[in-house]
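No lab work stands behind these numbers, since they all come straight from the coordinates. Small disclaimer: the values here were computed from a predicted structure and weren't measured. Cβ sites come from the backbone with ideal geometry, for glycine too, and all protein chains shown count toward neighbours.
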Amino acid sequence: MIIGTVIAAVSIGVMFLMESISILMLFVICAFAILCGFLFLLDFLHNRYQNDLLEQITLLIEALVEQQERIVFPENEDTLTARLQHQLLKLRNILTAQNQMLSQEKELIKALISDISHQIKTAVAAANTFAQLLDDKELSDKERSEYIATLQTSLEKLTFLTNSLIKMSRLEGGIISLKPEKNNLNDMILQAVKTVYAKAKEKSITITFDCQQNFEAVLDFNWTAEAITNVLDNAVKYTPKGGIVGLKITEYPSYLRLDVSDNGIGIPEEEQAKIFGRFYRGKYSAGIDGVGIGLYLTRDIINKQNGYVKVVSNENGSVFSLFLKKD
């Protein structure tokens, strides 16, 4: 009797245990299914968010390529996407400004080349005409002298225009290749002076270079002489007849400072920050030969040799200072 009761109790316990295990298994299965569904939903939402984000970024990039301004993300939020949008818009503005500047420069270069070409044709025609007139055996000495002077002027004009075109082609082609080595700065200055001497003599301008010492620096001889020549040429151009152009070297621990001073018309204060710009010509340059590339080339040549250029000017004249690295 007792054994039967025990067996019955055990049987009932086993039945309850089996039922509890089934309920637990069912709970676990349901929980797993819910978890899988939740994970699937998260993955779906994440993928959708990524797709939407990529689409919005694509729209931003397309607007950048087309140079259009498009706002996709709220600008008043400090988020990564908002910052990305801000930087892309900033890049668009930079590219737009650069394109406008390049377009303006292209048109300016075309106009300059057209103008120089016309002037070259005029100078060649004038030189050809007076060369033919000189063949006349019946010319008086006075007439012959006048024709020779006019012919020489035409040839000088032609030389200037040709050199301007060469400089422009070098500038546009980016072929300024510097080879700095130890050179005598005094010799570079003397070469520059020789280049502008005839023009200075014609205007009775005195060029002074009082230097009792030879200075050496690691520079490209020809290009540095070109840079100095450009500054000297400007000084002679804008200095009135009978004026003075002075050159002076000052030595510093790391630099040699070359001052080119004149007592010319000076440069207005509002133009002093612009004179080294490419193709820039000031309001006092009307009627004076030039295309606005000399000072640009000078600064470029000096900067590429770890130097720099400064200018101080007023109504009494100008001083251009070329700071040249010694080594």
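Key figures
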{"item": "Alpha-carbon centroids, segment 304-327 and segment 205-282: separation in whole Å", "result": "7 Å"}
{"item": "Percentage relative contact order, segment 181-325, counting C-alpha pairs under 8 Å, at least six apart", "result": "25 percent"}
{"item": "Nitroxide proxy distance, nm - points 7 Å out along Cα→Cβ at ILE244 and LEU35", "result": "9.7 nm"}
{"item": "Förster radius 25 Å - calculated FRET efficiency between LYS304 and ASP327, Cβ distance, rounded to 0.05", "result": "0.95"}
{"item": "J(HN,Hα) series, segment 188-201, from Karplus relation 6.51 cos²θ - 1.76 cosθ + 1.60, nearest Hz, glycine and proline x", "result": "4, 5, 5, 5, 5, 4, 4, 5, 9, 4, 4, 5, 5, 4"}
{"item": "Summed side-chain charge close to VAL311 - residues other than VAL311 whose Cβ falls under 14 Å, Lys, Arg +1, Asp, Glu -1", "result": "-1"}
{"item": "Potential extension, THR153-SER114 segment - 0.36 nm per residue separation minus Cα distance", "result": "11.9 nm"}
{"item": "Label point distance in nm, LYS274-GLN87, each placed 7 Å from Cα along Cα→Cβ", "result": "3.6 nm"}
{"item": "Label-point separation, THR58 to LEU95 (7 Å along Cα→Cβ), nm", "result": "1.8 nm"}
{"item": "Ranking of TYR308, TYR147 by count of other Cβ atoms within 10 Å, fewest first", "result": "TYR308, TYR147"}
{"item": "Order of PHE320, PHE44, PHE130 under a 10 Å beta carbon neighbour criterion, fewest first", "result": "PHE44, PHE130, PHE320"}
{"item": "Net charge of neighbours whose Cβ lies under 14 Å from the Cβ of LEU232, counting Lys and Arg as +1 and Asp and Glu as -1", "result": "+2"}
{"item": "Pairs from LYS194/LYS274; LYS90/LYS110; LYS182/LYS325; LYS106/LYS310; LYS237/LYS310; LYS110/LYS157 whose Cα-Cα separation, in the structure shown, is over 22 Å", "result": "LYS194/LYS274; LYS90/LYS110; LYS106/LYS310"}
{"item": "GLN104-VAL124 FRET efficiency (beta carbon distance; Förster radius 35 Å; 0.05 resolution)", "result": "0.70"}
{"item": "Selected from ILE148, ASN128, LEU165, residue furthest toward positive end of dipole (segment 113-173; charges at beta carbon)", "result": "LEU165"}
